[in-house]
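Working notes, structure below.
Just so you know, all these numbers are worked out from the coordinates, no wet-lab data involved. All values derive from a computational prediction rather than experimental measurement. Neighbour counts run over all protein chains shown; Cβ positions are idealised from the backbone, glycine included.
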Amino acid sequence: RKEVEQDPGPFNVPEGATVAFNCTYSNSASQSFFWYRQDCRKEPKLLMSVYSSGNEDGRFTAQLNRASQYISLLIRDSKLSDSATYLCVVIFSGSARQLTFGSGTQLTVLP
Amino acid sequence: GAGVSQSPSNKVTEKGKDVELRCDPISGHTALYWYRQSLGQGLEFLIYFQGNSAPDKSGLPSDRFSAERTGGSVSTLTIQRTQQEDSAVYLCASSQDGVSGDTQYFGPGTRLTVL
């Protein structure tokens with residue numbers, strides 16, 4: 001079983017739709033949580049960190065449930081430019097700051 | 001300011017040859033990471049450098065892989081006797097000081113193809 005699991009999709013949604021991605025992680029001794037975005041043939045870029053209290057950045061909302069070992073990302077009013085692969089990322093305790101990536105969820109926003 | 005840079009952007013080599021991949025981190029960043037991204041495995045950690053500490057090599061897949069970081073800045077990842085399964089995009093990232101919450105900034109990667 002992978003340490004960080006995501007639904008690979010693809011998710012194809014119309015512009016303006018709300019879409020949610022989920023991610024589970026296997027190790028309860030986890031330290032930090034992130035969502036990264038990766039465009040086709042480009043490097044991953046940090047979208048947002050994820051905190052237990054939940055956090056919002058414009059149209060993006062991230063939630064963390066430590067008890068269930070579950071992370072989510074909600075995108076509201078999706079734009080064409082949101083089309084990308086969204087990577088769930090965890091830093092596990094004792095892992096010397098290395099990022100452990102999920103396999104990514106592919107999103108395509110359709111006009 | 002300048003981001004993380006990597007060279008070459010693309011490398012095609014023959015099986016059995018050695019290759020060197022270079023990473024220039026963001027100036028002033030003390031932490032440097034190498035990852036690789038392949039179709040079957042996704043993104044996986046290879047090695048981590050933090051300041052003058054001994055590197056964390058726990059992600060290196062075999063002893064054909066090695067990396068060094070000279071002067072706390074530029075890093076070179078070397079793959080000896082390349083195999084076809086080494087074909088992947090090799091990504092370098094750096095962060096300010098490698099502590100909790102530090103953002104890792106990725107370079108554009110080197111796409112390695114082993115024929």
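Here are a few things to note about the model shown:
- Measuring nothing but how far apart in sequence close Cα pairs (under 8 Å, 6+ apart) lie, relative to its length, chain B scores a relative contact order of 37 percent.
- Tail weight of P(r) past 18 Å, computed on alpha-carbon pairs of chain A, percent: 45 percent
- Spin-label pair residue A:5/residue B:27, simplified geometry with 7 Å Cα→Cβ offset, distance in nm: 4.7 nm
- Straight-line cross-link partners of residue B:11 among the lysines, defined as a Cα under 21 Å from its Cα and at least 8 positions apart when in the same chain: A:42.
- Additional length obtainable on full extension of the chain from residue B:115 to residue B:85, 0.36 nm per residue less Cα span: 9.8 nm
- Cα gyration tensor, the protein assembly as shown - rounded (a/c under 1.5), prolate or oblate: prolate
- Counting only cysteine Cβ atoms and a cutoff under 4.7 Å, the protein assembly as shown contains unmatched residues A:40.
- Simple label model, 7 Å out from Cα along Cβ direction - residue A:20 to residue A:81, nm: 2.7 nm
- Cα-based radius of gyration of the range B:33-115 once divided by 2.2 N^0.38 Å, which approximates compact folds: 1.09
- Within the range A:76-111: backbone nitrogen closer than 13 Å to the residue A:66 label point (7 Å, Cα to C-beta): A:93
- In summary, the range B:1-73 shows an alpha-carbon radius of gyration equal to 1.18 times the 2.2 N^0.38 Å reference for compact globular proteins.
- A Förster radius of 25 Å combined with the Cβ-Cβ distance from residue B:78 to residue A:93 puts the calculated FRET efficiency at roughly 0.25.
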